[in-house]
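Written below as structure tokens is the structure these notes are about.
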Amino acid sequence: MRRSCPWVAAGILLGLASAARADDVRGILLEGVKEVAAPGAPGSLAVCAPGAEAIVVGEAGAGGRAAVVAAGKLGRGRVVAFAHDGYFSEEHLATADTGRLVANAARWASGGKKAPKVGVIRPESMAKFLGAEGMTTAKASPQESLDGFDVLVVTPYDLSPRHADRIRSFVRSGGGLLAAATGWGWQQGSRAPMSTFVGNRMLAGSGLAWTDGFAGRTAPGGFSAGGAISPLLNASAALDALKAGREPGADDFAAGIEAVLLALRSLPPSESKFRGDVAKALKGLRGADLVPTEKSRADVKDMRRRFAIGLETAVALAAPADEARALPAAADFPGAVDPKAKRVTRKATVDLSVPRWHGLGLYAPPGGKVVVTGPKDVGSLKLGVQVGCHTDRLWHLDSWERLPEIARRFPIEGARTVVASAMGGMIYIDVPDDAPHRKVELTIAGAVEAPLFRLGETTAADWKTIRDRPAPWAELAGKNLIFTVPSALARRLDDPEPLMKFWDDVVADQDATASSPPRRSPERIAVDRQISAGYMHSGYPIMGPIDASATTALDLAKLKAEGSWGYFHELGHNHQEGEWTFDGTGEVTNNVLAVHVFDRLLKLPFDSGHEAIRGKDLREKRIREHLSKGAPFDAWKSDPFLALMMYLQLYEGFGWEPFEKVFAEYSKLPRDERPKDDDARRDQWMVRFSRAVGKDLGPFFQTWGVPTSQAARDSIKDLPPWSPPGMDAKP
């Protein structure tokens, strides 16, 4: 998630704003514009040169902002870029004031002509729209002469580099350009860095670039076009403020460092000037302590230090492999490698029918170059080399105990790929979901061996040697789950086989209960010094802290005796389906799966996993209190353990079989029978569960205050009503 924050330092704001708005470009483009559409999931734009500026912005996490429309100059010409190709569609041109903005943009890009001649390369919808706005339009092609046009319109996905350069030359000579693309969509489809996007080559020199980020809505219909915009959304302005010695505030820092990071990741290699400016700015910060640790956190009280660490991290993340150098902070986390540790060459056979990360038992030393070679056609497979499992980004947090971003992914584009990360990390081959079902043999050279246990392959005797491999991180791989932990923790195990069989059983239990589709790849759990949100969080990988919970997760005796509510909970999140998880149950239906593990797999009391549900007396007291207040649904939705008690009553009344039956029904639903909104989700859950148990649960839902429709309740009136014993008792 891209994050940036509004500008708040009024003194700097006035100085920078006066220069940026000399010709009031934003005012011209937004004349008559109050709100514009948000097609699909809009991306974001990097803004990074004098004269370039954000015109419309969206949310970017933690209350921040990201440009969705931006303008800049290229030579004698002008450019307006949009962060989603849907802005040029008939539907969205007719939404709110989007059409007015696009028409204003075409006139401004033409140099102010009221009826410019517009060459539409694509899409055709723009010819019809701009023609209706009084402009002369004609089909254009970068393969033919562009003379005679004032402005070009293009969505640049299919351009060749040569044609992108022709359009760029047209603009530099005084032409205008309106261009729209969805950066994140291109990046996910191509699995290549944004710096290689042909659209960014076309915009080179304008101070604009499409990024792999997203922008959230700021208005019900899309984006509000009003309000002040932080000048530090322009990365060039951020660097100028830094060079001038200004002490950034917390919000200034977040906006500026995000702008620099996006620009570094998105600008094509030809944009050497900006990278040079960043290098100069970084040189001026060398006196700062650039190693955030648990004892020496980088927090908002020292913004200059945070800016220094953030800027150095941003540069390291964007550095080509040949220029990567170990950062001092990498030795602290994720960890350095003993200089005497042998660099090895290993072959690996990767099964492409299994998507996501394939661990190799290899570690890339910080700054060390690792070479991956494969067959001639390997570049067509869209594989990547992932360096580092710590994918959480911490930019938005007030305090850093490690670098704010660590992991890097390099696309495999040919038979030989060189990767290097200033932070180092475990090495994975990243396989896309749609890879051909075949195996490919790769050779990896220059890495250091890491402890790797593979269930069914590594014997206890082998492990006693393997666990001493020198890398600071280790992996314990079952069939259904893989742990990535500090090597020091893994080395405590004499034989990981029983442990990993246990975890495989946990995942299999939730797979079966939730009626999940056949598993194509294992779940992953990685522990980290600091994570981006909460105590733990779900995803790929599931992230947890390096603390007692990590030790317990590797202690089979303790797991069998008391379980691991945290990791069972997060695995439950990874099994949740939206069809049976309505508003208020996002932290509930996953816990149903966790409770199932305690009851069926561990044979422990079903309510023993968490103290908030432990004991029937406690649950009954909480329920009575809720009912005595009129069973407000908002209170139910905001209290996950109270809501879970309703589900536990169903378990106590009917056992697990109805849950399993109903989850299986949902997994087989045709698309047109799936619930479309939250009302339908509640209705379907009540009706399907009622049919599964042969009881009318309408009164039960009403007593709990969970809304359902009269039609849904009427549909189960043929069944005898049910409520748990004592549910109707007065508190």
Counting each DSSP H run of 4 or more residues in the chain as -39500 (n - 2.57), what helix-only mean residue ellipticity at 222 nm follows after dividing by all residues, to the nearest 500 deg cm²/dmol? -10000 deg cm²/dmol
Please figure out what share of the DSSP beta bridges in the chain is antiparallel and state it in percent, rounded to the nearest 5. 70 percent
Which angle between 0 and 90 degrees, to the nearest 10, do you get for helix 616-628 versus the longest principal axis of the chain when only C-alpha atoms count? 60 degrees
Taking +1 at the Cβ of each Lys and Arg and -1 at the Cβ of each Asp and Glu, which of VAL588, ALA635, LEU648 sits farthest along the dipole of the range 586-731 towards its positive end, judged by Cα position relative to the Cα centre? LEU648
First obtain the Kirkwood hydrodynamic radius of the range 19-98 from its Cα pairs, then insert it into the Stokes-Einstein equation at 37 °C and 0.692 mPa s, and state the resulting D in µm² per second as a whole number. 245 µm²/s
Determine how many Å³ per residue the convex hull of the Cα atoms of the range 691-731 encloses. 72 Å³
Can you tell me which of 345-356, 256-267 comes out highest on packing, and rank the rest after it, using the mean Cβ neighbours within 10 Å? 256-267, 345-356
Please compare each pair in LYS280/LYS340; LYS73/LYS113; LYS558/LYS621 to a cut-off of 25 Å on the Cα-Cα distance and tell me which ones are over it. LYS280/LYS340; LYS558/LYS621
Kindly write out, for the range 119-133 in residue order, the coupling ³J(HN,Hα) from the Karplus curve 6.51 cos²θ - 1.76 cosθ + 1.60 (θ = phi - 60°), rounded to whole Hz, with x marking Gly and Pro. x, 9, 7, 5, x, 5, 4, 6, 5, 5, 5, 5, x, 5, 8
Give me a comma-separated list of calculated 3J(HN,Hα) values for the range 85-90, in order, Karplus coefficients 6.51, -1.76, 1.60 applied at θ = phi - 60°, integers in Hz, x for any Gly or Pro. 5, x, 4, 9, 8, 4
Find how many whole Å separate the alpha carbon centroid of the range 524-573 from the alpha carbon centroid of the range 138-199. 47 Å
Rounded to whole Hz and in sequence order, give me ³J(HN,Hα) for the range 545-558 from the Karplus expression 6.51 cos²θ - 1.76 cosθ + 1.60, θ = phi - 60°, writing x for Gly and Pro. x, 8, 8, 4, 5, 5, 5, 4, 4, 9, 10, 4, 4, 5
Could you pull the Cα extents of the chain along its three principal axes, largest to smallest, in whole Å? 80, 70, 52
Rounded to the nearest 10 degrees, what's the angle between the helix 678-693 long axis and the longest principal axis of the chain, both from Cα atoms, 0 to 90? 20 degrees
Cα-Cα pairs of the range 339-459 separated by more than 21 Å (percent): 40 percent
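Classify the range 417-550: rounded, prolate or oblate, from the alpha-carbon gyration tensor (a ≥ b ≥ c, eigenvalue square roots; a/c under 1.5 rounded; otherwise prolate if a/b is larger than b/c)?
Rounded is the answer for the range 417-550, as its axis ratio a/c remains below 1.5.
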Which is the longest run of the chain containing none of the chymotrypsin sites (Phe, Trp or Tyr not before Pro) found in DSSP loop states (not H, G, I, E, B) with at most 16 other C-beta atoms within 10 Å? 1-534
Express in whole angstrom the spacing between the alpha-carbon centres of the range 628-647 and the range 382-458. 43 Å
By average Cβ neighbour count within 10 Å, what is the ranking of 309-317, 71-79, 513-521 from highest down? 309-317, 71-79, 513-521
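Values quoted throughout were computed directly from the atomic coordinates according to the rules given, and no laboratory measurement underlies them. Everything numeric in this text was worked out from a predicted model, so none of it was measured. Cβ atoms come from the backbone with ideal geometry, glycine included; neighbour counts cover every protein chain shown.
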